[in-house]
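Asker: Take a look at the following structure, please.
Each reported figure results from applying straightforward, stated rules to the coordinates on display, with no laboratory input. These numbers come from a predicted model, not from an experiment. Virtual Cβ from ideal backbone geometry, glycine too; neighbours counted across all protein chains shown.
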Amino acid sequence: MSHATPESLRQDAEKALEALQGKRLSPRDRMAIPPQEMPTQSAEDRRGNMREVALGYSQAQARLEALRCLQCKNAPCVNGCPVRIDIPAFVKAIADGQDAEAIALIRRNSLLPAVCGRVCPQEVQCQAPCTVGKALKSVDKAVSIGRLERYASDLERASGGCPKPAVKPETGKRVAVIGSGPASITVAADVRREGHAVTLYEAFHKPGGVLLYGIPEFRLPKKIVEQEIDALKAMGVVIETNFLIGRTRKLQDLIAKDGFDAVFVGTGAGLPKFMNIEGENLVGVFSANEYLTRANLMRAYDTGHADTPLFKSRKVAVLGGGNVAMDSARMAVRLGAQEVHLVYRRTEAEMPARVEEVSHAKEEGVLFHMLQNPRRILGNEFGLVTGMECVRYTLGEPDESGRRRPVEVPDSAFLMEVDTVIVAIGNESNPLIRQTTPGLAVNRRGNLIVEEATGQTSLDRVYAGGDIVLGAATVILAMGEGRKAAASINALLAQPS
Amino acid sequence: MHRILHKEQLSDDVFLLRVEAPLIAQERQAGQFVIVQADNNFGERIPLTIADADPAEGSITLVFQTVGKTTHVLGAKAVGDSIESILGPLGRPTHIGQFGTVVAVGGGIGVAPLYPIVQAMKKAGNRLIVILGARNKSLIILEDKMRALADELIITTDDGSYGRKALVTEPLKEVCQRDPKPDQCVVIGPPIMMKFCAEATRPFMVPTLVSLNTIMVDGTGMCGGCRVTVGGETKFVCVDGPEFDGHKVDFDNMMRRLRAYKNHEEAAHHQCHLDLEAAKLRKAGQ
């Protein structure tokens, strides 16, 4: 595939925009506008750097893309958005050149537009039901709502960031927020706005949660996460790092001894799953969490400065088909592996990863092996990984997840030579809070059980949301959960005590 | 930030630091550890066991051997300096019970984390046989403190410069041969020593706890870098441990995993030595 430069994409868009100047556009005209490609670093360049791959629309591209929107009365896109952003309105504002208006509209519902514009799986959310995509018979041709969201929020940041949200007069009430990922950031902001004091507890040495340790720089620049955290600090949210609730302080002590009026648990799905196959503890097998945390949070890619070591890999196999698998594979490319193989036991159609991440990974040279899975990992006399014994699969009947179940092909075993295996098959909930908090109800997967409407756990004044409730999900769902829990906490604290 | 209140050099390459950490001092129990990071921007996160704590002073005591970059940086710090990040207390506390006779074996630096366990075991009413081992006399640490608690104290050195010229496994085996045999054994030390201690107690079926110190990043269950095979199952040292049944731990696999970054560490360590020497020279020149 040839790589269109950002400059050529901008020029083409400017010409197209000029041709439409002053015209009244019919739905047919709008659908004839070519979908705007996201300008990116060329695959060749980005294999050698950690910088963000997608560069963002120019104004001309953004306006042109926004003009493709039909402004449907029933707005199916809004139903596809977990936080129900008024999508037609903000898209129209961009089409009209009213970029500030656009971001104001987005901010009514979303706290993290620069993040969500980059990492939301739009093709299964807002863009899935888009009328334009349906009419053109491809979700890839839907209006690129996510890219427009990113465009509006990037402009806002370039012009000095979002205005500091107004904080109501101090109420004297105090809320503890555990974890500092997307759900917790949302709760901290929404609760602080009402004038309650908020303390955010993070176990790592830097706040941001999965946005920082998990999602790589090349997909979500850390600067953006830092700005969101800075915005919380500017509102007066207190952030305690290196603080592990359950160990440094027990959850119940926050209420019983430290005087907090409510607690939100947003600790995420932080316990990596392994395959439970032979050879999984050989040297050279990593969880994606470990691999990405070393590279992202601990900055191990910066070998001249960082003390945290990275394993030297020549041939890497990444197991899994989600965003984390793509992130790991693309990180391995950037860290200098000669070959990176992505091994998945279903087909590309069943992959949970964002379409854009899959195509970026392919462009960067990641080799895809579908309908295969390792049966055991092989090692040498030093305990180092030398390869994987894999088997082939076909797709059978759909399973409980609705995806077709992979079925092993008899006598299909074969050898794949690799020196590194990265396991990216998902996360389970971290047991720490439930082990150290008596009376906190969990389901059989270890996720906290909450009241659907309020986010309240089995304990009085304790709320939860995000992956610790949902299992491993997405940033936007975590944010939606956070909003709900924050509303409940605010309602609780508004009652006269 | 955690201010250093007190520093002692226990031997050539073993240091003791008492640092401010009021919350950890309050919550910590025997057997738990902390993750320490000397520099938040580029520093590594390393697990260190808690040797002691003083809730009234709000301090914890760390004892460490200078083996890599971070431990060297910590060893070069002075009273009044600070450590940027300390997270803890982590891991499950030791199961302290009234077992009867407990034999506690500490090798080298492992004597430090053994101390709070011996303290707690004594307090619970157990009879304590303590075996301390090191390469030579100068590497035996905390002897006086242990002597104050132990009903019987046995010291061994590899070179015979102090106590018995033997490995700790010898007296351990003899203790196991006594009638009645000990009811519980706790071993902390280098992996190879723990492995052979577990082999020594196995024929006598004396339950043997070992405390594992593996590579970690977060220390909270998130990365799985610390995983070990125990009884054929994968366990995380940080959240399932650090203590496990020594008769079930796959020590060979654990030792290989500890060496995963050896080449890198040696290079970083070498550079670190150069940097520290340069800093010393600069200081001397001023």
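Asker: In region A:370-446, if the dipole is taken from +1 on Lys/Arg beta carbons and -1 on Asp/Glu beta carbons about the Cα centre, which of A:Ile377, A:Val442, A:Met388 is farthest to the positive end?
Answerer: Projecting each Cα onto the dipole axis, the largest value belongs to A:Val442.
Asker: Do any trypsin sites (Lys or Arg not before Pro) in region A:219-304 lie in a DSSP loop with no more than 11 other beta carbon atoms within 10 Å, and if so, which?
Answerer: Numbers: sites: A:Arg219, A:Lys222, A:Lys223, A:Lys233, A:Arg247, A:Arg249, A:Lys250, A:Lys257, A:Lys273, A:Arg294, A:Arg299; in loops: A:Arg219, A:Arg247, A:Lys250, A:Lys257, A:Lys273, A:Arg299.
The qualifying sites are A:Lys257.
Asker: Moving to a separate point now. Convert 20 °C to kelvin, take the viscosity as 1.002 mPa s, use the Kirkwood radius over C-alpha pairs of region A:75-149 as Rh, and evaluate the Stokes-Einstein diffusion coefficient in µm²/s, rounded to a whole number.
Answerer: On the way: Rh = 12.2 Å.
The estimated diffusion coefficient comes to 176 µm²/s.
Asker: Which of A:Lys73/A:Lys362; A:Lys362/B:Lys262; A:Lys250/B:Lys235 have a Cα-Cα distance over 31 Å? If you can, show how the numbers build up before the last one.
Answerer: On the way: A:Lys73/A:Lys362 38 Å; A:Lys362/B:Lys262 33 Å; A:Lys250/B:Lys235 24 Å.
Flagged as over cut-off: A:Lys73/A:Lys362; A:Lys362/B:Lys262.
Asker: Starting from the Cα of A:Val167, step 7 Å along the direction of its Cβ; do the same at B:Asp158; then give the gap between the two resulting points in nm.
Answerer: Computed distance between label sites A:Val167 and B:Asp158 equals 5.8 nm.
Asker: Still on this structure: Test of understanding: ordering A:Cys81, A:Cys390 by Cβ neighbours within 10 Å, fewest first, what list do you get?
Answerer: So the ranking, lowest neighbour count to highest, is A:Cys390, A:Cys81.
Asker: Next up: Under 19 Å Cα to Cα from B:Lys145, which aspartates and glutamates show up? Leave out anything in the same chain fewer than 8 places away.
Answerer: B:Glu8, B:Asp52, B:Asp54
Asker: Between B:Asp245 and A:Ala19, what is the FRET efficiency for a Förster distance of 56 Å, r being their Cβ-Cβ separation, to the nearest 0.05? Don't skip to the answer; put the middle values down first.
Answerer: Details: r = 76 Å, r/R0 = 1.35.
Between B:Asp245 and A:Ala19 the formula returns 0.15.
Asker: Excluding residues fewer than 8 places away in the same chain, name every one of the lysines whose C-alpha is closer than 17 Å to that of A:Lys168.
Answerer: List returned: A:Lys233.
Asker: Here's something else I'd like to know. Top mean-square fluctuation among B:Val187, B:Val34, B:Val239, Gaussian network model of chain B, C-alpha springs under 10 Å?
Answerer: B:Val239
Asker: Let me ask something else about it. Report, to one decimal in Å, the Kirkwood hydrodynamic radius for chain A based on all distinct Cα pairs. Mind showing how you got there, number by number?
Answerer: On the way: mean 1/r = 0.0416 Å⁻¹.
Evaluated on chain A, it is 24.0 Å.
Asker: May I ask for the Kirkwood hydrodynamic radius of region A:36-93, worked out over all distinct Cα pairs and given in angstroms to one decimal? Don't jump to the answer; show the numbers that get you there.
Answerer: Numbers: mean 1/r = 0.0735 Å⁻¹.
Kirkwood hydrodynamic radius for region A:36-93: 13.6 Å.
Asker: Next question, about the same structure. Check the straight Cα-Cα distances from A:Lys23 and name the aspartates and glutamates below 17 Å, setting aside those fewer than 8 residues away within the same chain.
Answerer: Hits, sequence-local ones excluded: A:Glu14, A:Glu65, A:Asp96.
Asker: Okay, next question. Relative to a virtual label point 7 Å from the Cα of B:Arg127 in the Cα→beta-carbon direction, which members of region B:180-202 show backbone nitrogen distances below 16 Å?
Answerer: B:180-185
Asker: Label A:Arg28 and A:Ala89 with points 7 Å out from Cα along Cα→Cβ: what is the distance between them in nm?
Answerer: Those two pseudo-labels are separated by 3.3 nm.
Asker: What nm value, rounded to one decimal, do you get for the distance between A:Lys73 and A:Glu44 when each label is placed 7 Å out toward the C-beta?
Answerer: According to this spin-label approximation, the distance is 5.3 nm.
Asker: Then there's this: Quote the FRET efficiency, to the nearest 0.05, computed for B:Asp179 versus B:Ala148 with a Förster distance R0 of 25 Å and r equal to the Cβ-Cβ distance.
Answerer: Details: r = 28 Å, r/R0 = 1.11.
With a Förster radius of 25 Å, E is 0.35.
Asker: For an R0 of 30 angstrom, estimate the FRET efficiency from the Cβ-Cβ distance between A:Arg403 and A:Glu452 and round to the nearest 0.05. Walk me through the numbers on the way to the answer.
Answerer: Details: r = 25 Å, r/R0 = 0.84.
So, using R0 = 30 Å, E works out to roughly 0.75.
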